[in-house]
Amino acid sequence: MLLVVLLAGCSEGVKFVQETEIGGVVVYPYKGDNSLVSTFRGEALDLMQKKCPKGYTVLKEGQTTGLRRIHDNVGGSEAIELKRWAIKFQCKGT
């Protein structure tokens, strides 16, 4: 499992959590049990392609530390866990 530290105040969506000159790590949220069908996966792949116009190699990917939020409502509080998927990649030709 790929571990990436996420801050509780981070916004939703695709983003770099680590970026170098030759690659990085992108994360995106997903629901259910299949991260590969998340609507955000395509955005993550597009972000990687923009970073690496000559292509990239996925070094590792997997579920990473998610976010847990407490949602207060009339019936009490409930904990909502947001699942996140991380992709570590390196640009080709580096």
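The values are calculated or read from the model by the stated rules, or taken from the named source; none is laboratory data. Note that the structure is a prediction, hence the values are computed from the model and not measured. Note: ideal-geometry Cβ built from the backbone for every residue, glycine included; neighbour counts use all protein chains shown.
A few notes on this one:
- Test: TYR30 is more than 16 Å from GLY13 (Cα to Cα) and not hydrophobic (A, V, I, L, M, F, W, C): no
- Leading residue by the ranking (farthest from VAL14 (Cα to Cα)) among those in region 65-94 that are of a type in the set (A, V, I, L, M, F, W, C) and touching a Phe, Trp or Tyr at 6+ places or on another chain (Cβ under 6 Å): CYS91
- Pick from region 8-24, criterion among the polar types (S, T, N, Q) and loosely packed, with under 13 Cβ neighbours inside 10 Å, ranking: farthest from ARG69 (Cα to Cα): THR20
- Candidates in region 45-67 are the residues that are among the β-branched types (Val, Ile, Thr) and under 13 Å from the mean Cα position of the chain (by Cα); of these, the one that is modelled with the lowest pLDDT is THR65.
- Number of positions in region 2-24 that are at pLDDT 80 or above and assigned to a loop (DSSP other than H, G, I, E, B): 4
- Residues (within 10 Å of CYS91 (Cα to Cα), assigned to a helix (DSSP H, G or I) and not aliphatic (A, V, I, L, M)) located in region 25-56: GLN49, LYS51
- Within region 25-44, the set of residues being at pLDDT 90 or above and either touching a Ser or Thr at 6+ places or on another chain (Cβ under 9 Å) or surrounded by fewer than 17 Cβ atoms within 10 Å (Cβ to Cβ) (or both) comprises VAL25, VAL27, TYR28, ARG41, GLY42, GLU43, ALA44.
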